[in-house]
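Asks: Can you keep this structure in mind? I'll have questions shortly.
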Amino acid sequence: MAAYWNGYGYYEPTKPIEVKGGIKAQSKRGSFVKSWWAKRWIETLESFNLGARLSRGKSYARKGQVTSIKIETGFVRAKVQGSDPKPYSVTIKVRTLTGSEWELLAEKLALKPIFAAKLLAGEMPADIDSSFREIGLSLFPETLDDLETDCSCPDWSNPCKHIAAVYYLLGEEFDRDPFLIFKLRGVDMDDFMSIIGKGFVPETVDRVAEVGVLTERPDDKTRTAFEAEISPVSPELLPLDPEVFWGRLPEYTEEEKICSIEAHIPPVPAALPKRLGKFPFWCGEEDLLESLEKIYKRASPAGVMVFLGERK
Amino acid sequence: MIILHAGRVGKQFFLWGESPSENEIPLVRRGRKPKNPIVKPYPYDSGFENLSSTLELLGINGRKMAEKINVWVPTVGGIPLPSSPLVAEIPDSKAEPSLAPWTVHAYPLETEEAILLLCTCMGKRVLAPGIISGNDLLWWADALKFAGSLVAGQKYLPGVRVGEEEYRAFWEPVFSGEDAGELAKLAKQMPPAARALAPEASSMPPEMPAALVARQFIEDALDQIVRSEIGEKKLSKETHKRKSFDSIHDAWVSALKSPEGLIYGDEKELLQLASRSREWQRPLKVLTTSPFRFCFRLEEPAVEEELEEPEAGRRDTKKSREGIADIEVPEGLWYVRYLLQSYEDPSLLIPVKEAWKPKKGSPLKKYDVKNIRQFLLSSLGQASSISAEIAFSLEAPNPSGYSLDTKEAYRFLTESAANLSQAGFGLLLPGWWTRKGTKTHLKAQAKVKGKKELQAGSGLTLEKIVSFDWEIALGDRVLTVRELQALAKLKAPLVKFRGQWVEVNDAEIRAALDFWKKNPQGEASLRDVLKMAVGASEKANGLDVEGLNAAGWIGELISRLKDKSGFEELPAPSGFSGTLRPYQFRGYSWLAFLRQWGIGACLADDMGLGKTVQTLALIQHDMEQVKEQVEKVDGHKNQKPVLLVCPTSVINNWKKEAARFTPELSVMVHHGTSRKKKEEFTTEALSHAIVISSYGLLQRDLEFLKGVSWAGVVLDEAQNIKNPETKQAKAARALEADYRIALTGTPVENNVGDLWSIMEFLNPGFLGSQAGFKRNFFIPIQAERDPEAARRLKEITGPFILRRLKTDTSIISDLPEKIEMKTYCTLTKEQASLYAAVLEDIGDAMEEAEEGIQRKGIILSALTRLKQVCNHPAQFLKDNSAVPGRSGKVARLTEILDTVLENGEKALVFTQFAEMGRMLKEHLQASFGCEVLFLHGEVPRKQRDRMIERFQEGKEYLPIFVLSLKAGGTGLNLTGANHVFHFDRWWNPAVENQATDRAFRIGQTKNVGVHKFICAGTLEEKIDEIIERKVEVAENVVGTGEGWLTELSNDELKDIFALREEAVGE
């Protein structure tokens, strides 16, 4: 690999400073991502003709040179360890869609619940892009107009290998969370639900008008679904009646007693983490799901023993 | 005596205890608050030593240091109100209590120690005599049980806990729908005492809400259970340090496995890890925090309109269409409906169709529409990747379900349903599909033909080999090969069989045809055939082999076994003296029927129904049978003896009963230090009909006990071998015998854990190996609450257990309303030597005494002293010494009451000595962990009435009422009890009957058992005999008290007072 002369007058060495514990791409070789939507994302990068920078970026991503990634609505900030002791700062900005563009989209999406359902379940609906195209939009950034990238490295090329590395890792994150693209396009989960939700009333004729108000951010309190997070606990005073205090006169009936609890070892282990899928930007040596599965399998019988009061 | 309590201060689990106070509790004058609010020690604090010895006893290493902490307790007039009357009298004050702190010694337990302790407490009120679980401790054990179930069900995730100074990796429970409900329920049930501990410095009572206390404990316990299982102990603390990890994620995984869970790393990275782990878990939150469960319901095609055609004609067309009678393949579409099921009220099912836009008045109106939609969409999104049909249904707005044909319905049942359910969805499937064992399905069954009629005494045993034909059946409908082939051609996995849907899948049909070709016939021992008949099923070539189609004598045998009827009702054996009640005839005949086939029997009749009598009748009957046969063969030969094993306390009882009912049978008691051993024992045993011994000796003398070939082995109180690992259980199984009988008065069939050992003794191999039993029955029934496993176990064990309840009047219509039993007890060595000493003492005094008042006085005092010794050494010595293990009577009383309580009944215990009553109250309280009422002469009237009210009402757990004969013998109405114990005797039947009548009177709805305690081989037995002899002729003479005794001569008295050898039980 050649070294480049840059405007500031020094050479960039071929080897970046080694990083321990950086974000390592979970794919070790070959194609970086699995899902078609993440592939679409990568294709955009690869269409920019970066040549060798592309493969350097890929190996940066795999080696863990990217030390942090922060995703916000509309843009991404990242730190990449290059040859300079101080990591380079990378930003990737994606053009956000306008309110009226979202309005049009909402109409399309509402008619097919499968879109929202798949997205909420962590999958990108296969033909969602066609819904975008029908109204002359594209979900994924396709041209440099849609994408604005910047890196603090001395390389004159944009995107540089650092940007490419971040871009690849983002691709992996897309695999896990297709919603990311919406976030980069300017709409987070709650906004999206508002859009979809309102669309779900086919009887309403003036649907479009209703969807119109997207620029207003939803009230923060309505954030999570039914979440009854144990909110600031209100104190519960001890009773004065000794019968109640010592539990001598139980206030619950026999049926309410704790007899409905069962201890069942599920046939398929680790269902919960499996449902959650990959951990965001996993840098661990071991595969998380694999090691969790082993642990769940081993712990289950111990749980049964405790349940039966037979722990030795 | 100690009542154990537990609570948490911060994350620390503490154990503390209450014991009766030895000092008077200083009264604080009311209305005057102490100026100096120094927290005083809790007057009932068990203290450090008591706690640590208790912990040692429970197998937990009592550590060195206890801490002093405060417990905030309702307090009246400066006196804290204890948890139970076992600790101290609870003042009956009208004054409003206030909360006050009291210091107690409390033991800090590590989470693991707390788990071990709570495991031993689960559901156990009494942990050991005198060690009692408080309600709060029992609650903690329930909470632990819940944590165990969460671990078993894998309902937890790895997480990061952000502390003030550190980050910890921990395993975090996920309380989804149902479990959230359980958690709320658990919190509601918490006795507030469980959250009443506070640090000594705190001046405010603790007020942490129950829900949070419960949750935090479960979190910690769950984390510990998981961690201890995966813990990599070999890793030292050093290796957990940051340097050895390339990334924060590796550090996290390692910390999840480490004992203390600390994650070492850069602060920023740790923060990010915490937030990423939250982000990772977020999708689950939407589903788990919903008040609904998303459900799929498979609905059958609508039944075609009944045609106005004659029934027969209809059948015919069906048959011609499908080719097999009884079986049809209806057309029409099935439907999978999407529903929301409320966790709070599972019967509330809301079609998803209505949920997209809830109407007015819908229960969904309570929730935010956006949230509901998000929930619906995420659920359907998840489901859509499991089933393509569901995905397809989402192509149109507001999906509410989809239609499917029979094959698709079958695929839904066999594939999608399991996957959906595993993913956390609710499935409402038709009953004919979900019923496991009773489901109609294709199976192979053996068809046995016994040619002859079943005849008693035909010499057949279970080892006889019988041959049979295999046949294939759908439910109880036997199919021909041709029908089976026709069924295969239908290629319909679900068909309607006699109007009900059943599964007949291709693989099964093929397996059936295959099985048939390979195994047209078979052979097995009668024992194995019997196993098949009672439902111990197996699989062969993927086909269930179960059930039996038996005709002839084998069929008859099986139906007799299963129904416990149809067997020969025997007359009383000729050598049996005494009368049997009709139900006892049936019981004894049943024993004889099983014995005839060499099948072990468990007679589990309710206490008082006469298990002893029925057993003795069986033994006598068997002896006569065998004798007849033996005489036929070679004229004369020694008969094999029967070994009867029982608790020490009932040895005398058995001896007496045998002497009374089977006087021809010679009885040898193998007990005590002077017992015969080895060859001497064998010779002696062979010359007797019955050998009585104890469980203790069964194991100690097994070596030569098993050298004898026994006619039968009878285990009385067979729950003594419930733990198969114990030496006595192993010893019992090692004995060789022609028949085996287990007797027990406890509901043995309900104690799944105990069943294997008893069954293995009775009929080895019937329940499979111990490990197999645990896997197939114990865990499914106890942990998974699988009703099918419970049903199967009942079916397999049913034929061998006969349990009749006194309350079941349909079976026992001939039971007298009052059953009087003499309970013969033994003396302990200590009692015997005290008895001998008293005898020596009075022997001299009587010799020297002059006639008249002085002699009378000496005799009456001797009488009292001897009775005291028979009751308890401590009563005689008046030294307030320990109660347990020193009196045969107390031991026996405790044993019988144990059964009484196990059966949920109540008892009165009469004694003529107030001090004995007090001792019994204390002892029984410590033994059973419940308050025992005690009425004696000094109880004021008002209090007495309150006691009676409480006992009769049944609101509280007050199963035992001790009364002094004088104070409680007359006038009271205590029909709540149906057992009456006369712990010592007044020698006046009229007085005793009057006392008995407290329970046995108008208002009594149950049969009353009257237990009269008599120490065999002592004056008690002698006097009882005299009274029995005289009671009919001269009730007046002896009926007036004990005075008549003083009229007897010295020699007569010496004979009455004498201590005979059989008295001693050790």
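Read-outs: derived from the displayed coordinates by stated rules, not from any lab. Note that the coordinates shown come from a computational prediction; the quantities given were computed from them, not determined experimentally. Counting neighbours? That spans all protein chains shown, and the Cβs are built from the backbone with ideal geometry, glycine included.
Asks: Starting from the Cα gyration tensor of region B:819-1063, take the square roots of the eigenvalues, sort them a ≥ b ≥ c, and report rounded, prolate or oblate (rounded when a/c is under 1.5, otherwise prolate if a/b is larger than b/c, else oblate). Please list the in-between numbers first.
Replies: On the way: a/c = 1.93, a/b = 1.57, b/c = 1.23.
The shape class here is prolate.
Asks: Where the only charges are on Cβ atoms (+1 Lys, Arg; -1 Asp, Glu), what is the dipole of region B:582-802 about its Cα centre, to the nearest 20 debye?
Replies: About 320 debye.
Asks: Under the rule of at least 5 residues apart or a separate chain, name every residue whose amide H is placed under 5 Å from the amide H of B:Tyr739.
Replies: B:Gly712, B:Val713
Asks: Under a plain spin-label model, where a point goes 7 Å from the Cα along Cα-to-Cβ, how far apart in nm are A:Asp145 and A:Glu107?
Replies: 2.2 nm
Asks: Also, quick follow-up: From the phi angles alone, apply the Karplus equation (6.51, -1.76, 1.60; θ = phi - 60°) to region B:136-141 and give each ³J(HN,Hα) in whole Hz, x where the residue is Gly or Pro.
Replies: Ordered by residue, 3J(HN,Hα) equals 5, 5, 4, 5, 4, 5 Hz.
Asks: Would you mind checking A:Lys108/B:Lys407; A:Lys274/B:Lys774; B:Lys611/B:Lys806; A:Lys274/B:Lys185 for any pair whose Cα atoms are more than 23 angstrom apart?
Replies: Distance filter (> 23 Å) returns A:Lys108/B:Lys407; A:Lys274/B:Lys774; A:Lys274/B:Lys185.
Asks: While we're here: If you take every DSSP beta bridge fully contained in chain B, what fraction is antiparallel? Give it as a percent rounded to 5.
Replies: Expressed as a percentage, antiparallel bridges in chain B total about 55.
Asks: Now for a different question. Set the Förster distance to 60 Å, then compute FRET efficiency between A:Asp127 and B:Ser202 from the Cβ-Cβ distance, nearest 0.05.
Replies: 0.40
Asks: Here is a further query. Using 1/(1 + (r/R0)^6) with R0 = 56 angstrom and r between the beta carbons of A:Lys312 and B:Glu851, what's the FRET efficiency to the nearest 0.05? Please report the intermediate quantities before stating the final value.
Replies: On the way: r = 70 Å, r/R0 = 1.26.
Result of the calculation: an efficiency of 0.20.
Asks: Tell me the mean residue ellipticity at 222 nm calculated for chain B from its helices only (DSSP H runs of n ≥ 4, each -39500 (n - 2.57), averaged over every residue, nearest 500).
Replies: Calculated from helices alone, the mean residue ellipticity at 222 nm is -12500 deg cm²/dmol.
Asks: Which order do B:Thr809, A:Thr44, B:Thr744 fall in if you start with the one that has the fewest other Cβ atoms within 10 Å? Let's see the in-between values first.
Replies: Values: B:Thr809 11, A:Thr44 19, B:Thr744 25.
By the 10 Å Cβ count, ascending, the order reads B:Thr809, A:Thr44, B:Thr744.
Asks: In terms of modelled amide H atoms, which long-range or inter-chain residues lie less than 5 Å from the amide H of B:Val1008?
Replies: Excluding prolines and chain starts, which carry no amide H, the hits are B:Lys818, B:Ile819.
Asks: Now for a separate question. Could you give the nm distance between label points at B:Ala882 and B:Arg791, where each point is 7 Å from its Cα heading toward the beta carbon?
Replies: The answer from the label model is 5.1 nm.
Asks: What FRET efficiency, computed as 1/(1 + (r/R0)^6) with R0 = 60 Å and r the Cβ-Cβ distance, is obtained for B:Lys11 and B:Glu817, rounded to the nearest 0.05?
Replies: 0.55
Asks: If you don't mind, there's one more thing I want to ask. Counting other Cβ atoms within 10 Å of each Cβ, which GluC sites (Glu not before Pro) in region B:329-406 have at most 13 and sit in a DSSP loop? The partial results should precede the final answer.
Replies: Details: sites: B:Glu331, B:Glu344, B:Glu354, B:Glu389, B:Glu395; in loops: B:Glu331, B:Glu344, B:Glu395.
Counting only loop positions with at most 13 other Cβ atoms within 10 Å, the GluC sites (Glu not before Pro) in region B:329-406 are B:Glu331, B:Glu344, B:Glu395.
Asks: Now a separate question. Enumerate the aspartates and glutamates that B:Lys489 could reach by cross-link, defined here as Cα to Cα under 15 Å, with residues fewer than 8 away along the same chain left out.
Replies: B:Glu322, B:Glu328, B:Glu503, B:Asp506, B:Glu508
Asks: Of all the C-alpha pairs in chain B, what % are more than 49 Å from each other?
Replies: 44 percent
Asks: Tell me, what ³J(HN,Hα) does each residue in region B:46-58 have, in order and in whole Hz, if you take phi through Karplus 6.51 cos²θ - 1.76 cosθ + 1.60 with θ = phi - 60° and put x for Gly and Pro?
Replies: 5, x, 5, 5, 4, 5, 6, 6, 4, 4, 4, 4, 8
Asks: For B:Thr673 and B:Leu805 in one chain, what is 0.36 nm times their gap in residues minus the Cα-Cα distance, to one decimal in nm? Each step should come with its number before you reach the end.
Replies: Values: separation 132, 0.36 × 132 = 47.52 nm, distance 3.90 nm.
So the extension gain works out to 43.6 nm.
Asks: Assign unit charges at the C-beta atoms only (+1 for Lys and Arg, -1 for Asp and Glu), then state the dipole size of chain B relative to its Cα centre in Debye, rounded to the nearest 20.
Replies: The calculation lands at about 2460 debye.
Asks: Reachable aspartates and glutamates from B:Lys856, Cα under 16 Å, same-chain residues fewer than 8 places away excluded?
Replies: B:Asp841, B:Asp844, B:Glu847, B:Glu848, B:Glu1042, B:Glu1047, B:Asp1051, B:Glu1052
Asks: Once you order the gyration tensor axes a ≥ b ≥ c over the Cα atoms, which shape class does the protein assembly as shown get: rounded for a/c under 1.5, otherwise prolate or oblate by comparing a/b with b/c?
Replies: Prolate shape, in that a/c is at least 1.5 and a/b is the bigger ratio.
Asks: Here's another thing I want to ask about it. Nearest 5 is fine: what % of DSSP beta bridges in the protein assembly as shown come out antiparallel, could you say?
Replies: On the way: 91 of 152 bridges.
That works out to approximately 60 percent antiparallel.
Asks: Charges on Cβ only, +1 for Lys and Arg, -1 for Asp and Glu, centred on the Cα centroid of chain B; of B:Phe412, B:Leu743, B:Leu705, which one is farthest towards the dipole's positive end?
Replies: Farthest along the dipole direction, towards plus: B:Phe412.
Asks: Students often get this wrong, so check it: of A:Lys34/A:Lys118; B:Lys40/B:Lys188; A:Lys79/A:Lys161, which have C-alpha atoms separated by over 19 Å?
Replies: Values: A:Lys34/A:Lys118 16 Å; B:Lys40/B:Lys188 31 Å; A:Lys79/A:Lys161 13 Å.
Violating the 19 Å Cα-Cα cut-off are B:Lys40/B:Lys188.
Asks: In sequence order, what are the phi-derived ³J(HN,Hα) couplings for region A:58-75 according to the Karplus relation 6.51 cos²θ - 1.76 cosθ + 1.60 with θ = phi - 60°, rounded to whole Hz, with x for glycine and proline?
Replies: Computed from phi, the couplings for region A:58-75 are 4, 6, 4, 5, 6, 7, x, 6, 7, 9, 7, 9, 10, 10, 10, 4, x, 8 Hz.
Asks: Still on this model: By its C-alpha gyration tensor, with a ≥ b ≥ c as the square roots of the eigenvalues, how is region A:254-307 shaped: rounded for a/c under 1.5, else prolate for a/b larger than b/c, else oblate?
Replies: prolate
Asks: Separate question: Say the cut-off is 23 Å between C-alpha atoms; which of B:Lys655/B:Lys1022; A:Lys297/B:Lys145; A:Lys24/B:Lys285; B:Lys94/B:Lys124; B:Lys722/B:Lys921; A:Lys93/B:Lys285 go over it?
Replies: From the list (B:Lys655/B:Lys1022; A:Lys297/B:Lys145; A:Lys24/B:Lys285; B:Lys94/B:Lys124; B:Lys722/B:Lys921; A:Lys93/B:Lys285), the Cα-Cα distance tops 23 Å for A:Lys24/B:Lys285; B:Lys94/B:Lys124; B:Lys722/B:Lys921; A:Lys93/B:Lys285.
Asks: Quick one: which residues, 5+ away or cross-chain, put their amide H under 5 Å from the amide H of B:Ile692? H built at 1.01 Å from N.
Replies: The answer is B:Leu644, B:Met668, B:Val669, B:His670.
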